[in-house]
1. Please provide three numbers in whole Å: the alpha-carbon extents of the chain along the principal axes, with the largest listed first.
2. For a test of the definition: using alpha carbon positions, the gyration tensor, and the 1.5 limit on a/c, classify the range 86-195 as rounded, prolate or oblate.
3. For the range 126-252, taking Cα atoms only, what is the radius of gyration to one decimal and the Dmax to the nearest whole Å?
4. Please label the shape of the range 1-45 as rounded, prolate or oblate, based on the square roots a ≥ b ≥ c of the eigenvalues of the alpha-carbon gyration tensor (a/c under 1.5 means rounded; beyond that, a/b larger than b/c means prolate, else oblate).
5. What does the net charge come to around residue 170 if you take all other residues with beta carbon closer than 10 Å to its beta carbon, with K and R at +1 and D and E at -1?
6. How far is helix 110-122 tilted off the main Cα axis of the chain, in degrees rounded to 10, range 0 to 90?
7. If a/c stays under 1.5 just call it rounded; otherwise compare a/b with b/c (prolate if a/b is bigger, oblate if not). Do that for the range 1-91, with a ≥ b ≥ c from the square roots of the Cα gyration tensor eigenvalues.
8. Starting from the Cα of residue 167, move 7 Å in the Cα-to-Cβ direction to define the label point; list residues of the range 107-126 whose amide nitrogen is under 18 Å from there.
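Every number here is computed from the coordinates shown, using simple stated rules; none is lab data. Since this is a predicted model, take the numbers as computed values, not measurements. We place every Cβ from the backbone using ideal geometry, glycine too, and count neighbours over all the protein chains shown.
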Amino acid sequence: MIVLDGASKHYNGNTVLDDVSLELGDEGVTALIGPNGAGKSTLFGLIGRLIDPDAGSIRIDEMDVAKAPSRDLARAIAVLRQDNTIAARLTVQDLVEFGRFPHSRGRLTSVDRDKIDEAISYLDLDGFRDRFLDELSGGQRQRAFIAMVLAQDTKYVLLDEPLNNLDLKHMTEIMKLVRRMSEELGKKIVVVLHDINFAATYSDRIIAMRDGRIVADAGRDEIITPEVLGRVYDTAVDVREIDGRPVALYYS
Ligand SMILES: Nc1ncnc2c1ncn2[C@@H]1O[C@H](COP(=O)(O)OP(=O)(O)OP(=O)(O)O)[C@@H](O)[C@H]1O
Ligand SMILES: [Mg+2]
């Protein structure tokens, strides 16, 4: 389990994460939703120790995130960041090999090579192995980053807006892959999504944030309502039932 206890973060007097206590990891796939600036990426940053909290504590399976050796942390949790700035003159293969670093420390074993091959195939990137990242389309590059995270082979995976830059087919494929990773590989995945219908379709639990706080935390049917979505996003959202499922209409 990932357990946050009273986690807070402030920048220049502004509270961007406000006393958040939360348990993650019972469900296979948890979607994290909320408007821009709600604190979603900050929450991920604290869990992955990319950002230090100003108050509170975070534990991952009894490991204190503040004190854990980096290697132990990297073997427990993988984080796909929202903005990946990394040298463009890396190939897809190089990038995915990075994902194995906490295991291999640069000396790849046959197990490492298998994990790298599996991750590349899972993301349908076999034909792009030797391509440099700046020779890929935005969506292909995004898949390469997800392959890197998959190769890290951790129980917990945090994906911050993994559907960025993806076309309709690949958005659906990534979400199906996320479900498969949870069902077949037992991974516990938390994924930031802006498309709430993707959140509703592919997750077991939806956590909504606003102004640095958790404002709703429940299953699809309780979250995909005009009342809750209106409160979370501060905008009118219509909800219809299609094939027995609530579907949010926000394109009108
Ligand atoms: N390094 C920083 N310095 C100052 N303020 C910051 C910093 N990082 C984030 N913030 C502020 O913290 C708040 C939360 O940011 P965060 O990136 O967590 O939001 P988010 O929910 O991920 O939003 P988005 O959907 O746009 O990615 C925002 O108001 C942001 O401006
Ligand atoms: Mg963000």
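1. Largest to smallest, the principal-axis extents are 52, 43, 34 Å.
2. It comes out oblate by the Cα gyration axes.
3. In Å, with Rg to one decimal and Dmax whole: 16.2, 49.
4. oblate
5. Spelling it out: positives minus negatives among the neighbours equals -1.
6. Relative to the chain, helix 110-122 is tipped by roughly 50 degrees.
7. Cα axes put the range 1-91 in the rounded bin.
8. Answer for this model: 123-126.
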